[in-house]
Amino acid sequence: MTPSSAEVVLLDTLPTADGRCFGVATLNAAAALNALSLAMVQRLAPALQRWASDPQVVGVILQGSGEKAFCAGGDLRGLYQTLRDCGSATNTHAEDFFAQEYALDYAIHTYPKPLLCWGQGIVMGGGIGLMAGASHRVVTTSSKLAMPEISIGLYPDVGGSWILRRMAGRVGLFLALTGVHLNAADALFCGLADFHVGTHTRDELQTTIAASHWTDDAAQNRSQLSRLLARMADNANHSLPVSQVRTHWDSIQALMAGDDLLDIAARLRELRSGDAWLDQAASSFNHGSPTSAALSFALWQRVRHMSLAEVFRLEYSVSLGCCAHPDLAEGIRALLIDKDRRPLWTPAMLEEVTPEWIEAHFQPRFIGPHPLEALC
């Protein structure tokens, strides 16, 4: 049974010792690993807006139902059907979904009150979009993060172009081109998370928040929440895994060096490191969409001096461009629909991807004011 629109995100409040409260939003599609749908976005966005303006609400907790995932990404199955139906024609579902999803992500980045995201289990794609802008991003030992869009014919959207460009060195480019999985230590090292706590401490955390006294000052509340989480993190750091990104830092910088994507591709194709994590990253690139790789690289070059709002507006055009070109539908088909994991990419080789092909993905596909014009 498909959950009703009111059930896809559960909304509650957590009373605190001083008579105030935290808003609690729970993505409620555990069987689908809490994949983010348009109905979820339309339920969550106004709730965050209400809590932002309610003086009794001093903060927000954003979490996923179940233990397996916070959010495994966007609702690709729902998008796939519209891609099949629309082809290169106007896709109103995609237009609405990307506009509203990106506006929600931006609202989280600019939220005026403490917003804690509980990033347990799988956090990928659209889940990164929800988590990245939170003021307090929590991971546990079970956390597994990635921007794996190269495997489905997309690119790291949801502000990913901005987020990855601001990571140290060329780690962000490596993550975009390989979709490699990150553990909790990697998330901390890359700046995708702020605190690592025990896997089974969610109830303890909420109990502690409820027992604490809060104020009307958002900055003071952010500091208090940070101190609370830091105390919990002290007890959990013994279980923190080794950061693969930190371990392979020098190799990553060498692989991603230069301003020619074909040079980077040649190094990834030739890589035989003997390390399972690094070799899997190279394999994902080699089997991924050449168009996605070229788009990710083009965005890496373009967004360096852009604001977050400007990046979201640019990504909106590129995402609709992906919907109007063949690789996104083909990637979803191969991964989730037929599950043969044998996508037929167009073009099939990176060397066949022309500048004109990539530029066509950047062309606006809307009439009138930009749907994200209000972001500033």
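Quick one: compute the contact order of the chain, relative version, from alpha carbon pairs under 8 angstrom and 6+ residues apart, as a percent. Don't skip to the end; give the middle numbers.
On the way: 694 pairs, mean separation 66.1, N = 376.
Over the chain, the number comes to 18 percent.
Set the Förster distance to 45 Å, then compute FRET efficiency between GLU356 and ASP275 from the Cβ-Cβ distance, nearest 0.05.
0.75
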Computed curve, region 281-376, Cα-only Debye sum without solvent term, log₁₀ I(q)/I(0) at 0.10, 0.13, 0.14 Å⁻¹, is -0.31, -0.52, -0.59
Given unit charges at Cβ for Lys, Arg (+) and Asp, Glu (-), the dipole magnitude of the chain about its Cα centre in debye, nearest 20, is 540 debye
Ranked by GNM mean-square fluctuation in the chain (Cα springs under 10 Å), the top entry among GLU356, GLU67, GLU149 is GLU356
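How large is the direction-averaged shadow of the alpha-carbon convex hull of the chain, in nm²? Let's see the in-between values first.
Details: hull surface 73.2 nm².
Here the figure is 18.3 nm², rounded to one decimal.
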With Cα springs under 10 Å, the Gaussian network model of the chain assigns the largest mean-square fluctuation among GLY288, GLY73, GLY19 to GLY19
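Between ARG77 and SER53, take the C-beta separation as r, use R0 = 35 Å, and let me know the FRET efficiency to the nearest 0.05. Numbers along the way, then the final one.
Working: r = 35 Å, r/R0 = 0.99.
After rounding to 0.05, the efficiency reads 0.50.
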For region 297-307, in residue order, the Karplus 3J(HN,Hα) values (coefficients 6.51, -1.76, 1.60; θ = phi - 60°; whole Hz; Gly and Pro = x) are 5, 5, 5, 3, 6, 8, 8, 3, 10, 8, 6
Taking Rh as the Kirkwood radius computed over alpha-carbon pairs of region 293-338 and applying Stokes-Einstein at 20 °C with viscosity 1.002 mPa s, one gets a diffusion coefficient in µm² s⁻¹ of 180 µm²/s
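Which whole-number percentage describes the relative contact order of region 308-376, with Cα contacts under 8 Å and a sequence gap of 6 or more? Can you show the working numbers first?
Details: 45 pairs, mean separation 31.5, N = 69.
In percent, rounded to a whole number, it is 46.
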Under the 7 Å Cα-to-Cβ spin-label approximation, ASP217 and THR346 lie apart by a distance in nanometres of 6.0 nm
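What is region 215-353's relative contact order, in percent, from Cα pairs under 8 angstrom and six or more apart in sequence?
On the way: 65 pairs, mean separation 27.6, N = 139.
Once divided by the residue count of region 215-353, the mean separation gives 20 percent.
Return the carbon/sulfur percentage of the accessible area of region 226-279, one whole number, probe 1.4 Å, all protein chains in place. All intermediate terms of the calculation are to be shown ahead of the outcome.
On the way: 1540 of 3140 Å².
Accessible surface attributable to carbon and sulfur in region 226-279 totals 49 percent.
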The rounded separation in angstrom of the Cα centers of region 277-297 and region 311-357 is 13 Å
Among LEU308, HIS325, LEU336, the residue whose Cα sits farthest towards the positive end of the charge dipole of region 297-337, when +1 is placed on the Cβ of each Lys and Arg and -1 on the Cβ of each Asp and Glu, is LEU308
Sequence order, region 31-40: Karplus ³J(HN,Hα) from phi using 6.51 cos²θ - 1.76 cosθ + 1.60, θ = phi - 60°, Hz rounded, Gly and Pro as x, gives 5, 9, 6, 6, 4, 7, 9, 4, 4, 4
Per the helix-only model, the chain has a calculated mean residue ellipticity at 222 nm (DSSP H runs of ≥4, -39500 (n - 2.57) each, divided over all residues, rounded to the nearest 500) of -14000 deg cm²/dmol
Taking a ≥ b ≥ c as the square roots of the eigenvalues of the Cα gyration tensor, with a/c under 1.5 meaning rounded and otherwise prolate when a/b exceeds b/c and oblate if not, region 152-214 is prolate
Expected field for GLU359, accessible surface area in Å² at 1.4 Å probe radius, rounded to 10, holds 70 Å²
Per principal axis, largest first, the Cα atoms of region 148-298 extend in Å by 56, 32, 25
Using alpha carbon centers only, region 38-114 is separated from region 160-228 by a whole-angstrom value of 19 Å
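Could you work out how much longer the chain between LEU336 and ASP12 gets when fully extended? Use 0.36 nm per residue separation minus the Cα distance between them, nm to one decimal.
Working: separation 324, 0.36 × 324 = 116.64 nm, distance 3.27 nm.
Value of the extension gain: 113.4 nm.
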GNM on the chain, Cα springs under 10 Å; top mean-square fluctuation among THR140, THR92, THR26 goes to THR92
Working note, region 48-203: Cα radius of gyration (Å, one decimal) and Dmax (Å, whole number) are 16.0, 48
With a 1.4 angstrom probe the carbon and sulfur portion of accessible area for region 20-145, in percent, totals 52 percent
Regression test value, accessible area per residue of the chain, probe 1.4 Å, units Å², expected 42 Å²
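The values are calculated or read from the model by the stated rules, or taken from the named source; none is laboratory data. These figures come from a predicted structure and were not determined experimentally. In this analysis, Cβ positions are derived from the backbone assuming ideal geometry, glycine residues included, and neighbour counts consider all displayed protein chains. Side chains are part of the model used for accessible areas, which takes the heavy atoms of the whole protein and leaves out ligands, DNA and RNA. Shrake-Rupley method; radii C 1.70, N 1.55, O 1.52, S 1.80 Å.
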